[in-house]
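Written below as structure tokens is the structure these notes are about.
The values are calculated or read from the model by the stated rules, or taken from the named source; none is laboratory data. All figures in this text were calculated on a predicted structure; none of them were measured in a lab. Every residue, glycine among them, receives a Cβ derived from its backbone with ideal geometry; neighbour counts consider all protein chains shown.
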Amino acid sequence: MRHSWRSLLFRKYPRSSLITPAHASHHHFQVHSSSPSLRSFNSLHTSSLQVHFVGLKNPINSKILTARNFSSEPLIEPKKDADHCFLISDIFTKFTDVNDITKELELNSVVINHELVLKVLKSLESSPDPARRFFDWVLERDSERLSSKAYNLMLGITGVNGSVEEFWALVETMKKKGYGMSKGARDKVVEKFEKEGLKSDLEKLKAVFATVSVDNSVEKIGLRVSRIVRNQVWEEDVEQHIKDLNVAFSSNLVKIVLENLAMEPMKALIFFRWIEENGLFKHDESSYNAMARILGREDCIDRFWKVIDEMRSNGHEMEEETNVKVFGRFMKRKMIKEAVDLYEFAMAGANEPSVRCCTFLLKKIAVSKELDMNLFSRVIRIFIGNDYVLTDSMLNAVLKSLTSVGRFGECNKVLKEMKEGGFVASGNLQSKIAFRLSSAGNNDKVSEFVDHMEASGSNLDYRAWASLIEGHCASGDLEGASDCFQNMIEKEGVSNAGYAFESLVNAYCCKDRMIDASKLLHQYVHHHQLEPWHTTYKVLISKLLVQDGFTDALNLLDLMKNHGFPPFVDPFIKYVSKFGTGDDAIAFMKATTSKMFPSTSVVLRLFKAFFKAGRHVEAQDFLSKCPRYVRNHADVLNLFCSMKGGKNTASAVMAV
């Protein structure tokens, strides 16, 4: 049958697995201007404008010529077009060297699309040299960004500010591309020619405009063809009508027709197949991508895969603009599996998606209705299979997504898959995960996390252990925290256990279990040679004294002394002066020093505290039990003499 392919258009094409040719390496390639006439009109064009697109595999490289990065999130565009327009205009005004221009655009992550090209040219209307540089720069790198509108803007700039020869050279270039001259561009140049008295050029301009006007531009022709296809049922009359237009189909024209048929994908596909079958046009990368953008939707998914597989088998690549548009559509409609298929297809090509795309896809899988670990694992394998490395920031982004849907407990599954990809979380991230799991009170998940880290060959460091203990404490599970500390000591030793132990002591104190905390401290000091922090001793002593644990507090004072810490006397003085006896005061004095008795200054502080508390009898009792050199000390005698009845007291002291 002549049109046997038509019967296939409405069949479904099963695509159980994505088959893409392996791309073992990514080569440099050059883009040269194919228009000699344009070279002659542009005085800035040199052979040095041959630009190498290098390192597309490197996720850090800016992809200047792409419509946007491979992501469906709003952050695809790093800045608003208005900001980029000003920035680009400024760069092409300040710099003349191509390398300098490229470097500045890369540093500012500039993304150039068709709309931005038009805005920049409009902003440079009164600056012909920067406009020429910009126009030629885009022409060398991605001429598809230069539409009939862009050429007409440049034509107006050239006609008003350039030489007559330059203007006519550009007109010839436009004619070869099938672009007409717009009325706006003509009017600007007519005014210039009239002002300078260029009568012959003025007549020539009017003749050219009459024969090659904007009505015959590629946009207008494309609109006519698309209307013929759209407004009738496809049959031989439609085909003949298109042939009667006597149109020479170019890549740009086919693209315009297809874009105008975007709302009717089946008619677009019929037209797409027909023009090649009839020898009117051999599809290239641009037309394949235009067709793929139209078919990349839920109700055309089988045909979409058929077209892009065919495109690659014919040696063409999917443009990043296509990736972005179709990927975004899949994400919006929650077609996660299809998005993963597309990601795999794109990663096997020359225009690899950015690292952000992988992260975005993993996040979307994490927040899906069901956490599909097969898809998650598949994305990981694709990513690392292209020589990329998983990072902490990627895992952190996924964990945030899990948290947003109340699914943080599934983090162990994520960690396991990322471990298979050669990734081990840093100590800082381990600490965050440890705290989140233990504070949730799910001990099974905690044990699984610890086992996973040990199995990965990266045992938890002391900070992660401390976070586990803090998490248990936050959930009120003191026994779990104690067990966790015991495990930490057994696996890591006591050299870095100070912070974790202080957290444990604070948690016990918050539960008014100071005595238990004191027992733990003695246990780990005596059996494991733990050296608690100075602050740990101070907190626990203060808390014990509040609970009338004077004896336990004194025992800690002895340990502090053994660990070389200065005596912590303030809470003892406050406690003994209010509640203690003379014997308590003596016991405290002896515990503060390794000598027989502390300095007189400490003794004086306690005497003053007794008097301030109005406990003169206890002060006298304490004095009577002090060594003779203390009782006879002039400062002590003066203190007692200053009190009421001081003389009698002093006499009594002297008699002792």
- Any residue in the stretch 415-425 that is touching an Asp or Glu at 6+ places or on another chain (Cβ under 8 Å), in contact (Cβ under 8 Å) with a residue 12 or more places away in the chain and crowded, with 16+ Cβ neighbours inside 10 Å? yes
- Item | Hits in the stretch 310-333 (condition: over 21 Å from the mean Cα position of the chain (by Cα), within 23 Å of residue 384 (Cα to Cα) and surrounded by fewer than 22 Cβ atoms within 10 Å (Cβ to Cβ)) | 312, 317
- Quick one: is residue 390 assigned to a loop (DSSP other than H, G, I, E, B) and either in contact with a Ser or Thr (Cβ under 8 Å, 6 or more places away or on another chain) or buried (at least 21 other Cβ atoms within 10 Å of the Cβ) (or both)? yes
- Mind listing just one residue for me: the one in the stretch 108-126 that is under 15 Å from residue 154 (Cα atoms) and hydroxyl-bearing (Ser, Thr, Tyr) and, of those, surrounded by the fewest Cβ atoms within 10 Å (Cβ to Cβ)? 126
- Note on the structure: Every listed condition ((1) within 55 Å of the chain's Cα centre (by Cα); (2) on the phi < 0 side of the Ramachandran plot) holds for residue 548 save (2)
- Query: Out of (1) farther than 23 Å from residue 192 by Cα; (2) in contact with a Gly (Cβ under 8 Å, 6 or more places away or on another chain), the odd one out for residue 107 is which?
  - Reply: (2)
- Query: Which number in (1) closer than 25 Å to residue 145 by Cα; (2) touching a residue at least 24 places away in the same chain (Cβ under 8 Å); (3) assigned by TED's automatic domain parsing to the domain that holds residue 234 marks the one condition that residue 278 misses?
  - Reply: (1)
- Inside the stretch 460-470, can you point out the residues that are within 27 Å of the chain's Cα centre (by Cα) and either closer than 15 Å to residue 507 by Cβ or of a type outside the set (Asp, Glu) (or both)? 460, 463, 464, 467, 468
- Query: Do we have residue 410 as at pLDDT below 90 and either closer than 30 Å to residue 482 by Cα or not hydroxyl-bearing (Ser, Thr, Tyr) (or both) here?
  - Reply: no
- Message: Within the stretch 334-356, take every residue that is over 24 Å from residue 310 (Cβ atoms) and of a type outside the set (Val, Ile, Thr) and give me the one that is surrounded by the most Cβ atoms within 10 Å (Cβ to Cβ).
- Response: 354
- Considering the stretch 233-252, residues that are farther than 16 Å from residue 175 by Cα and of a type in the set (A, V, I, L, M), and then whichever is surrounded by the fewest Cβ atoms within 10 Å (Cβ to Cβ), we arrive at 233
- Task: Could you run through the stretch 555-596 and say how many residues are among the hydrophobic types (A, V, I, L, M, F, W, C) and over 54 Å from the mean Cα position of the chain (by Cα)?
- Result: 10
- Message: Let me confirm something: among 329, 273, which residue is within 30 Å of residue 374 (Cβ to Cβ) and basic (Lys, Arg)?
- Response: 329
